[in-house]
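Have a look at the structure below, then the notes.
The values are calculated or read from the model by the stated rules, or taken from the named source; none is laboratory data. None of the values given here were measured: they were computed from a predicted structure. In this analysis, Cβ positions are derived from the backbone assuming ideal geometry, glycine residues included, and neighbour counts consider all displayed protein chains. The accessibility values were calculated without ligands, DNA or RNA, using every heavy atom of the protein model including side chains. Shrake-Rupley method; radii C 1.70, N 1.55, O 1.52, S 1.80 Å.
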Amino acid sequence: MKNAVSPQLALQMIDIRSTIYKAYARCIVKRTSAMILQKSSVFKNFFNLTLATLAKNKSAHGSIRLLSSISENKSETDNKDKKSSIFQEILYGNPQIKEEDSQAHSKLIARGKYVHEIQKHKIKPDCVEDYIKLISEHYPRIANNPKNSVHLCGSWQTEIGDLDSFFHIWEYQGYTGYHETLNQLKNDQYYQNFVKKLRPMLQNRKSQICLEFAFWATSPPAALGGIYELRSYRLKPGRLLEWENHWKRGLECRKQFCEPVGAWFCQLGELNFVHHMWQYPDLESRKITREQAWNVDGWADTVFKTVRLVRKMESNVLVPLPFSPLR
């Protein structure tokens, strides 16, 4: 057959395809700059051209000659040092990206001052009133005890979403403060009695240890009134830095119309979670606020770029409990 490809050439085509495609994929996975992405498109075109031409050649020698020819033509138009840099960055990774990836995500994007714990308690329906009464007595006591390195940001009951659920956000003085507070509470008989009364009321409970985003500090205690919305997103693994980069700009669009309360990303517990909290006077104000954001340059771009990073999202509309510092 005239167009038959020898086994040796077929193996070479597979090897070349694998090498170039991996280089192209590296650029996308590493989230390189626009400049590097442009370079990756050059490789993609080079990859397609190579395969098309190899299919028409019967010998490995011809395919090698083709690669050499393409490389020589490119060197005539580009500076040799620049070409070498491009090939090295795409094949072996951009040095700046490698340096960024060598750092922990939390170090790059966290505010770093506090550690936050987001607790969720799912209560038996017939125990809701008793639960509110119990924590209204004990949670302010925990927060106001000077021996504890923690204060309570807020406590809320779900009004729309996962009903019979309560959210509590605690702010510790770093991980050291978290351990100091837990050790203090373990030796607090009053707290241990509280836990014994609490457990029979629970259907389940969850806890996540989170850090604040550097661009979005948690609001201090305030009587804002109205409702609070806690939006929770489970991201695809490895996409937190992208999320932070886009939302840093998106926040500037949204906060023109509503009060941003806080934003946290999970470090311990269910991972790859991001939480945002907003305050609105009421649901109608929420609706208007969200519509207004679409008229601001940059908001549509934020939504477009972040929705692709999400695996799951959830929204709970909350009302603050009477003792909540944020209410």
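Residues are listed down the side, and each one gets a yes or a no for (1) under 23 Å from Lys287 (Cβ atoms); (2) more than 12 Å from the chain's Cα centre (by Cα); (3) not basic (Lys, Arg):
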{"site": "Ala214", "(1), (2), (3)": "no, yes, yes"}
{"site": "Thr218", "(1), (2), (3)": "no, yes, yes"}
{"site": "Trp247", "(1), (2), (3)": "yes, no, yes"}
{"site": "Glu252", "(1), (2), (3)": "yes, yes, yes"}
{"site": "Gly262", "(1), (2), (3)": "yes, yes, yes"}
(request) Among the residues of segment 123-180, write down those that are in contact with a Lys or Arg (Cβ under 6 Å, 6 or more places away or on another chain) and hydroxyl-bearing (Ser, Thr, Tyr). (result) Ser165
(message) Going by what's in this entry, would Gln203 be described as open to solvent by 60 Å² or more (accessible area, probe 1.4 Å), in contact (Cβ under 8 Å) with a residue 40 or more places away in the chain and over 13 Å from His121 (Cβ atoms)?
(response) no
(request) Could you tell me whether Lys186 is among the charged types (D, E, K, R), closer than 20 Å to Leu268 by Cβ and surrounded by fewer than 16 Cβ atoms within 10 Å (Cβ to Cβ)? (result) yes
(request) Please specify each residue of segment 122-136 satisfying the condition of being in contact (Cβ under 8 Å) with a residue 40 or more places away in the chain and open to solvent by 10 Å² or more (accessible area, probe 1.4 Å). (result) Lys122, Lys124, Cys127, Asp130, Ile132, Leu134, Ser136
